[in-house]
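J.: Have a look at this one.
Bear in mind these aren't lab numbers, they're just calculated from the coordinates by the rules spelled out. Note that the structure is a prediction, hence the values are computed from the model and not measured. Here the Cβ positions follow ideal geometry from the backbone for every residue, glycine too, while neighbour counts run over all protein chains shown.
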Amino acid sequence: MTPQYFSPITEFAYTNNTTANTSTYVRIYNGHTAAHLIAINDSVNNVTIGTVTIGSTQEAFIKKEPSHQVNVAAAAGSGSVRIVGVDF
């Protein structure tokens, strides 16, 4: 089986709702000492698609629609959450 490689686009620190450059796959890394709640939102229909909690120094890969936004719940250290769109 051939391994899948991904091409990172540009990693950035979370500041507000983002489509992560309209990426379908997004890597989220929590560099803070506390867990953070991450939500995927459909801003057009104003609904939350789903949520996940990412522990300290953990990462998650999320598949979403290009228009869906990634949101980190307001908390101390939310700027330590790093997001990058990836292309598999």
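J.: Inverting the mean 1/r over all pairs of different Cα atoms, compute the Kirkwood radius of the chain and quote it in Å.
T.: 13.1
J.: May I have the convex hull volume per residue, in Å³, for the Cα set of the range 44-88?
T.: 100
J.: Applying the Karplus parametrisation 6.51 cos²θ - 1.76 cosθ + 1.60 with θ = phi - 60° to the phi angles of the range 75-85, what ³J(HN,Hα) value in whole Hz is obtained for each residue in order, glycine and proline being reported as x?
T.: 3J(HN,Hα) across the range 75-85, in whole Hz: 6, 4, x, 5, x, 7, 7, 10, 10, 8, x.
J.: Just VAL52, VAL70, VAL26 to compare: in a GNM of the chain, with alpha carbon springs under 10 Å, which one fluctuates most?
T.: Comparing VAL52, VAL70, VAL26 in a Gaussian network model of the chain, the most mobile one is VAL52.
J.: Can you compute the charge dipole magnitude of the chain about its Cα centre, using +1 on each Lys and Arg Cβ and -1 on each Asp and Glu Cβ, nothing else charged? Give it in debye, rounded to the nearest 20.
T.: Taking the Cα centre of the chain as origin, the dipole is about 80 debye.
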